[in-house]
1. Go through (1) exposed (fewer than 15 other Cβ atoms within 10 Å of the Cβ); (2) within 14 Å of the ligand (Cβ to nearest atom); (3) in a helix (DSSP H, G or I) and name the single condition residue 25 misses.
2. Count, please, the residues in the stretch 186-195 that happen to be more than 16 Å from residue 287 (Cα to Cα) and surrounded by fewer than 21 Cβ atoms within 10 Å (Cβ to Cβ).
3. Scanning the stretch 85-105 for residues that are within 16 Å of the ligand (Cβ to nearest atom) and surrounded by fewer than 22 Cβ atoms within 10 Å (Cβ to Cβ), which turns out farthest from residue 287 (Cα to Cα)?
4. Among the residues of the stretch 28-45, which ones are within 12 Å of the ligand (Cβ to nearest atom) and surrounded by 16 or more Cβ atoms within 10 Å (Cβ to Cβ)?
5. For the stretch 282-299, what are the residues that are within 20 Å of the chain's Cα centre (by Cα) and either modelled with pLDDT of 90 or more or surrounded by fewer than 13 Cβ atoms within 10 Å (Cβ to Cβ) (or both)?
6. Anything in the stretch 264-281 that is closer than 21 Å to residue 17 by Cα and crowded, with 16+ Cβ neighbours inside 10 Å? List them, or say none.
7. Tell me, which residue of the stretch 135-173 that is surrounded by 13 or more Cβ atoms within 10 Å (Cβ to Cβ) and out of contact with any helix residue (DSSP H, G or I) (no Cβ under 8 Å at 6 or more places or on another chain) is farthest from residue 258 (Cα to Cα)?
8. In the set 82, 130, which member is buried (at least 20 other Cβ atoms within 10 Å of the Cβ) and away from the ligand (no atom under 12 Å from the Cβ)?
Ligand code: SF4
């Protein structure tokens, strides 16, 4: 964006953050349907909104949008609808990304319809068309946990114009999620490596297998995400940089809090910096002896693959 336009955008956020946010959400909603040939099957039972095994990350924009749409405060809409959680991002190792996410089954699903449809989170808007755009549709359609999804049972048309919209929406999502993480944790994306906690996690998961005569639990090779999240919320979420998330969410109900977040969202230099800390220089925490230790390191396999 040119400097003069940027200054205009930033000053309009400072003057009226609600107006700026409403315009941003309108643009997002317009793009959500622009040139789309995709419609949910009328017979769809909404497994994506209900099933626990599909976690839906959200950004601060999604929280602000839902609060505005429901004419309530962010601090009132957060409890019961959203939570701090972990995403596997389809990884097969022990590294998880810390994120805000929707509760599941999604509390916004009412009579099998999305009750916040115009401001639904960007991941809900993107699914499943972005998979076609990224060439991942067929591989996902073969996955077991998508077997109940009617949208995977036929090919989804994607025109070149719609593909461009998908790319643009994905870029908006990347910015929203990076900046949300920065606002909440003072860092870009934060990851946790649980590989040193497999015994504890297996214990919490109640591994039924016993190894050797000592009767020790044999560590599990796959731990359910709920078990990892439960461990995270119980032992890790109270440590910096994850402590204080509720206060930061409540601060979004003030004009200052909204201006602060929206200005961060507009900051190209910050975004560039956060993107530079991508998968090669990711911020990865380990929980050791009750404390979090942080390290910048690569997330790429095979170094951190465990099988
Ligand atoms: S926000 Fe709406 S579309 Fe997204 S999971 Fe919830 S009910 Fe479904």
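1. If we test residue 25 against (1) exposed (fewer than 15 other Cβ atoms within 10 Å of the Cβ); (2) within 14 Å of the ligand (Cβ to nearest atom); (3) in a helix (DSSP H, G or I), just (1) comes out false.
2. Final tally of qualifying residues: 2.
3. Top of the filtered list is 105.
4. Result: 32, single match.
5. Correct list: 282, 283, 284, 285.
6. Listed by number, the residues that qualify are 264, 265, 266, 267, 270, 271.
7. Of everything passing the filter in the stretch 135-173, 150 is farthest from residue 258 (Cα to Cα).
8. Sole residue among the options that is buried (at least 20 other Cβ atoms within 10 Å of the Cβ) and away from the ligand (no atom under 12 Å from the Cβ): 130.
The values are calculated or read from the model by the stated rules, or taken from the named source; none is laboratory data. Since we're looking at a predicted model, the values are computed, not measured. All Cβ positions, glycine included, derive from the backbone under ideal geometry; neighbour counts span all protein chains shown.
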